[in-house]
1. Please go through the range 624-648 and pick out each residue that is assigned to a loop (DSSP other than H, G, I, E, B) and of a type outside the set (Gly, Ala, Ser).
2. Pairs under 6 Å by beta carbon, first residue surrounded by fewer than 21 Cβ atoms within 10 Å (Cβ to Cβ) in the range 57-68, partner aliphatic (A, V, I, L, M) and assigned to a helix (DSSP H, G or I), six or more apart or different chains?
3. Is it the case that the range 342-364 has a residue that's free of Cβ contacts under 8 Å to residues at least 12 places away in the same chain, part of a helix (DSSP H, G or I) and not acidic (Asp, Glu)?
4. Give the range 412-429 a look and list any residue that's over 20 Å from residue 364 (Cα atoms) and in a loop (DSSP other than H, G, I, E, B), or say none.
5. Say whether the condition of being out of contact with any Leu (no Cβ under 6 Å at 6 or more places or on another chain), under 30 Å from residue 168 (Cα atoms) and part of a helix (DSSP H, G or I) is met by at least one residue in the range 68-77.
6. Could you please let me know if residue 273 is modelled with pLDDT under 95, among the aliphatic types (A, V, I, L, M) and farther than 25 Å from residue 195 by Cα?
7. Out of 795, 786, I need the residue that is touching a residue at least 60 places away in the same chain (Cβ under 8 Å), farther than 17 Å from residue 692 by Cα and either assigned to a helix (DSSP H, G or I) or out of contact with any Ser or Thr (no Cβ under 8 Å at 6 or more places or on another chain) (or both). Which one?
Amino acid sequence: MAAYFLTRLFDLQLHPRFPNFLPNLPVCFCSISTFAQRNQSSPFYKKTFSHIFQECSNGRALGPGRQAHALMIVSGFKPTIFVANCLLQMYIKCSRLGCASKVFDRMSDRDRVSWNAMIFGYSISGKIGLAQSFFDLMPERDVISWNSLISGYLQNGNCLKSIEIYMAMGRDGVGYDETTFAVILKACAALEDYDSGRQVHGVVVKLGFQADVVTGSAMLDMYAKCKSLAESLCFFYQMPIKNWVSWSAVIAGSVQNDELVGGLKLFKEMQRVGIGASQSIYASIFRSSAGLCDLRLGCQLHGHALKSDFGADTIVGTAMLDMYAKCDNLLNARKVFNLLPNHNLQSYNALITGYARSDLGFEGLQLFLLLLKSDLGFDEISLSGAFSACAVIKGHLEGMQVHGLAIKGPFQYNICVVNAILDMYGKCGALWEARQIFDEMDRRDAVSWNAVIAACEQNENEEALLLFVSMLQSGMVPDEFTYGSVLKACAGWQALHCGREIHGQVIKSGMGLDSFVGSVLVDMYCKCGMMEEAEKLHDRMEEQTLVSWNAVISGFSSNEQSEGAQKFFSRMLENGIKPDNFTYATVLDTCSNVANVGLGKQIHAQIIKQDLQSDAYIISTLVDMYSKCGNMQDSALMFEKSSKRDFVTWNAMICAYAHHGHGNEALQIFGKMQLEKIIPNHATFVAVLRACAHIGLVDEALHYFNLMQNDYGLEPQLEHYSSMVDVLGRSGRLVDALKLIQEMPFQADDVIWRTLLSICKIHGNVEVAQKAASALLQLDPQDSSAYVLLSNIYAEAEMWSEVSKMRKMMRHGRLKKEPGCSWIEIQSEVHMFLVGDKAHPRCEEIYENLDMLIAEMKWDGYIAYGEITTSDREMVDDEQELCAVSSF
């Protein structure tokens, strides 16, 4: 039998199944021979088995460990407590608790190490109940027993129970050690229980552990996570010995408390004292750089990490790519991701959410598919990122597929995932699905309410306000995002009364001075036409954000107060606020409204200085501004020089040519747009149809009208029908134009009837004109333009009785023709004129020149309409009207 054991061990030495196994076996052969011949108490034999189990435990080598265990059983060797404990530890480290339990049950003698090993094993495996049972059955407990149980509850997320066990440990008279304090301070940090943490701090000082570096590092972390960074820093600077763990804790604490610059200063100080950076320190400082959106600093830290040989580290690489993503440098983020030798779930999640945040939804979904093909699985962050990517591209179908994946997994009822699903459906326009998800939720937080209210607001559903009331009734406290969504809804519907009520609620909640809510309130008042209130609210804000400035400027522009918008823009510059692309686009739009090309050129110069000339939004506005100011050459030049053209830019150029009567050029631009594979929208076809109207291309207009429906799936709107009426009318096909109006799938508005009526004046078609005027007056009986147009048509047809009838009706209804208005800018001063205006300081000089011009016109054969049609003295003389209008 002894010869067999010797042969077996010799085989293991010659053909080991794992490296570095039994390093002292040549010596062991003699010991086994001695054991076979003498007795079973050879001390060297016992040392050999314990050494084998320890080696297997350290290397997590289950197979060789089990072979050694089998060999020990077959040999008949009776292990001592030490050897049995080594065997226990090996099975626990290899995650074989069942085998460990059997070894423990068969042990004839057990010491505290045996019991502690089982408590530790069950704790780390999540079976904290069994760990507690072993602890309760343990005849004698030491500090390790207590520490194992405290740590077990902490690892299983029951921090309160950890504190209870800690307190029971003190009552039991067991002395604390540095591990006890490290674990219990971590529990206080997880609970953000500042009071308990300070009590533990008192015990630490009392027992003299404040100089211990392990306890001190845990103390730093606890204070930082309890939002008491000042105490954390104070304790840090009092520590006699600091290691990289201490520095890591205080740097991470600074970053977690949004002291991003402070964290970077500590990192710099750490470098000066010669402490090397660690994995966790790099993760914190990259997070700090991301929070500051400081790409240059992030690149420097990237170089530092490479020099420190952390470039291939997965955790550091994940923090690095997250920094690049949050600094809007997705190109470098993807490069870092691709260069990582090993990817973990966190690196995928960081890049997926980065793509979604930067509106690169397709790239985010492609990376999510790569994640699914890997063996890493996915978590709630992965799914939330994928849903955000679907929302960005408005991918309803893709979102439904990811939703199915979430249902199949364990995340169907995860509130973060459900909120992301709700948000995705809302942004994809699937309001019914969003509402169904919300109604089926067992638990709702503020994010859930915000998401469903925002979904209703984005889809112009009036239920947003009702949901806000329900949220208040449920006891949920609205946050700034709730108020932002519901105030946007009020702005969209111009519901001033509701907006004021919510404003009162904002003030009561203490958010009246919040910059985000204040900006949304300013925007709401602007869109409700209350510019005075909006401006006052803006002036009262403690922090006047760019959003608030933009809201007021946009409000002036939307309310046709272009001069007010320009003055407010000047005030914004005087306050040192740097405009963005939206600001410039809005101010350029006001230049278009008043045809102020001089100011437009000045704004253009500022745009070039700010290096925003490549922005597609600004390019589109510049094209529109120059065209509306009559400068088609510069408008076309801006379009040709633009490197980035989206459909808005193309639309602006087509509209510019169409408005200036260059129909052929407009159609050529549309043809190029199709060649570039840019998908047109409703506005594109409005411009194209207007271009056809200007050059009388009836057949082409009908072709494009059908094209938008058949090829692009765009249902014609009122603007398209109005343009088609204009096209048919200009070509003399007034009956067809009237028929088109009557066959529309929706009711015609006043614009389309007025268009038909104006065309009837050109062609002198009294019959169609009477029908158009009748329909127009049914919509608005106070519309003076219908009477004036029809009166002029009757006059051209020499139907004087009808002309007189129209004028009597206007007089009886006290209707007046809306006076014409025009203006001209001379030496930075705008001169505005109305019909019959005599308020201008140089009006006498102006009218003298007009009289001279009129005399020359009469000499040239001009006859004003007023000489034929204005028998009624109460009507403004057409010739005077012409004079006044000409005075611009």
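The values are calculated or read from the model by the stated rules, or taken from the named source; none is laboratory data. Not measured: the values here are computed from a predicted model. Cβ placement follows ideal geometry from the backbone for every residue including glycine, while neighbour counts extend to all protein chains displayed.
1. The answer is 629, 631, 644, 645, 646.
2. 57/90
3. No, that holds for no residue.
4. Listed by number, the residues that qualify are 412, 413, 414, 429.
5. Looking for residues that are out of contact with any Leu (no Cβ under 6 Å at 6 or more places or on another chain), under 30 Å from residue 168 (Cα atoms) and part of a helix (DSSP H, G or I), one finds none in the range 68-77, hence no.
6. yes
7. Just one listed residue meets the conditions, 795.
Per-residue answers, yes or no, for (1) touching a Phe, Trp or Tyr at 6+ places or on another chain (Cβ under 6 Å); (2) over 25 Å from residue 249 (Cα atoms); (3) among the polar types (S, T, N, Q):
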| site | (1), (2), (3) |
| --- | --- |
| 267 | no, no, no |
| 302 | no, no, no |
| 332 | yes, yes, yes |
| 335 | no, yes, no |
| 353 | no, yes, yes |
